[in-house]
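Contents: one structure, followed by commentary.
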Amino acid sequence: MKSLYVGIDLGGTKIAGALVDRDGSLLRRIRLETRAEQGPQPVIDRLVEAVIQLTDGVRSSVKGVGVAAPGPLDSRSGVVFSPPNLPGWMDVPLRQVLEDRLGIPVKLENDANAAAWGEYWFGAGQRKGTMIYLTVSTGVGSGLVLDGRLFRGENTFAGEIGHTIVDPEGPPCGCGRKGCLESLASGTAIAKFGQNTDPSSLIHSLAMEDGGLVRAEHVFEAYRMGDAQAEIIIRQTVLYLAIGLSNLIHIFNPGKIVVGGGVSRAGDMLFPLLREQLESYLMAPFRGTCEVVPASLGEDAGVLGAAALWTDSSRKSEQGIM
Ligand code: BGC
């Protein structure tokens with residue numbers, strides 16, 4: 001019987017899970033509401049439920065579960081600290097808790113790292129060289145694949161680009177500081193800036209037709225329709241994202257930056273502007289050295305990457321990488 005793996009991604013508004021084989025084929029999928037606002041216990045219960053459903057009938061073939069969660073977290077000890085986007089979590093020993101409840105070995109990884117690994121092996125990264133994955137969704141995070149290896153740093157916290165400060169006088173961030181890239185350019189930030197526009201704005205009327213709550217999509221939609229207030233918000237978002245990307249490029253010299261997360265779905269409204277702004281922030285030798293492309297696996301990047309944590313060493317040795 002062939003070995004199977006489970007990947008779970010806690011990084012989005014839904015808990016996404018999949019049962020996969022060693023080659024990254026998705027055999028079963030599941031999506032459950034995260035409802036992060038309820039705090040750790042109910043979220044962990046749903047995560048366990050997702051794994052139980054995914055492994056129903058094939059439990060004995062399942063060799064491991066990979067869980068991608070927003071950081072900061074320690075992937076070695078398996079402890080999630082206090083992620084800005086998982087309210088109420090404080091030093092949760094998630095790996096241990098899950099192993100005790102599931103009786104299956106578990107690996108824990110930062111959500112952006114897992115998605116980086118997924119895109120590197122199975123998506124836009126094409127298994128080549130130095131690639132950075134940037135997620136722009138509820139939060140902003142990055143995963144660094146440097147010379148073919150997922151780089152975690154001394155404490156496994158590396159890649160927290162969303163919490164680099166890009167404006168010391170900027171808005172408060174969920175991490176308790178202010179002016180972080182996440183506070184200025186995440187999906188949450190775009191929605192907040194949209195919310196703060198005039199109540200008679202196009203952004204608000206689009207939101208009203210769609211449940212009332214302003215989301216980043218409404219701001220992009222208004223921008224597509226030529227709305228001036230939306231344009232200011234999108235240009236500001238792009239400016240800060242370009243600052244973040246140019247910092248990554250100057251430090252790591254990647255050949256490719258893969259941008260994923262909900263905001264990357266804005267596609268043509270985002271990428272041409274972002275590339276143009278980014279080039280203008282780069283030192284001359286760096287210009288034209290780094291492709292900025294949309295993620296190709298969408299929401300599957302995180303689950304595939306999380307599951308690949310169990311299989312990558314054998315695949316890498318086959319390819320002579322390690
Ligand atoms: C967290 C990162 C995470 C990102 C996306 C940030 O707030 O600090 O670890 O990758 O959100 O979920």
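Some observations on this one:
- The numbered conditions (1) more than 27 Å from G153 (Cα to Cα); (2) hydrophobic (A, V, I, L, M, F, W, C); (3) within 15 Å of the ligand (Cβ to nearest atom) are all true for L73 except (1).
- Single residue of T197, T138 found to be at pLDDT below 95 and in contact with a helix residue (DSSP H, G or I) (Cβ under 6 Å, 6 or more places away or on another chain): T138
- Hits in segment 179-202 (condition: away from the ligand (no atom under 16 Å from the Cβ) and over 21 Å from A266 (Cα atoms)): D198, P199, S200
- Residue pairs meeting the criteria (Cβ under 6 Å; at least 6 apart or on separate chains; first more than 15 Å from G298 (Cβ to Cβ), in segment 118-142; second of a type in the set (D, E)): T130/D147; G139/E182; V140/E182
- Residue, modelled with the lowest pLDDT, within segment 94-130, restricted to residues that are aliphatic (A, V, I, L, M) and away from the ligand (no atom under 16 Å from the Cβ): A124
- Conditions (1) among the charged types (D, E, K, R); (2) crowded, with 22+ Cβ neighbours inside 10 Å; (3) under 16 Å from V292 (Cα atoms): number failed by E109: (3)
- Flag for G153 being in a loop (DSSP other than H, G, I, E, B) and not hydroxyl-bearing (S, T, Y): yes
- Count - residues of segment 150-178 that are free of Cβ contacts under 8 Å to residues at least 24 places away in the same chain, away from the ligand (no atom under 12 Å from the Cβ) and either surrounded by 23 or more Cβ atoms within 10 Å (Cβ to Cβ) or not acidic (D, E) (or both): 8
- Test: residue in segment 89-105 that is in contact (Cβ under 8 Å) with a residue 60 or more places away in the chain and acidic (D, E): no
- Looking across segment 89-117 at every residue that is out of contact with any helix residue (DSSP H, G or I) (no Cβ under 6 Å at 6 or more places or on another chain) and either in the same structural domain as V258 (by TED's automatic domain parsing) or among the small types (G, A, S) (or both), the one that is nearest to A36 (Cα to Cα) is identified as A112.
- Exclusive hit being in contact with a strand residue (DSSP E or B) (Cβ under 8 Å, 6 or more places away or on another chain), of a type in the set (G, A, S) and either modelled with pLDDT under 95 or not assigned by TED's automatic domain parsing to the domain that holds G141 (or both), set G17, G39, G24: G17
- Count of segment 132-149 residues, restricted to those that are more than 8 Å from the ligand (Cβ to nearest atom) and either touching a Pro at 6+ places or on another chain (Cβ under 6 Å) or of a type in the set (V, I, T) (or both), is 3.
- For segment 1-101, the strands (runs of 3 or more DSSP E) that sit wholly inside it and include 2 or more residues that are under 19 Å from the mean Cα position of the chain (by Cα) and surrounded by 18 or more Cβ atoms within 10 Å (Cβ to Cβ) are 4-9, 14-21, 62-69.
- When every residue of segment 18-25 is checked against the conditions, none turns out to be more than 16 Å from the ligand (Cβ to nearest atom) and within 15 Å of A69 (Cβ to Cβ).
The values are calculated or read from the model by the stated rules, or taken from the named source; none is laboratory data. What you see is a predicted model, and the numbers here were worked out from it, not measured in a lab. Cβ sites come from the backbone with ideal geometry, for glycine too, and all protein chains shown count toward neighbours.
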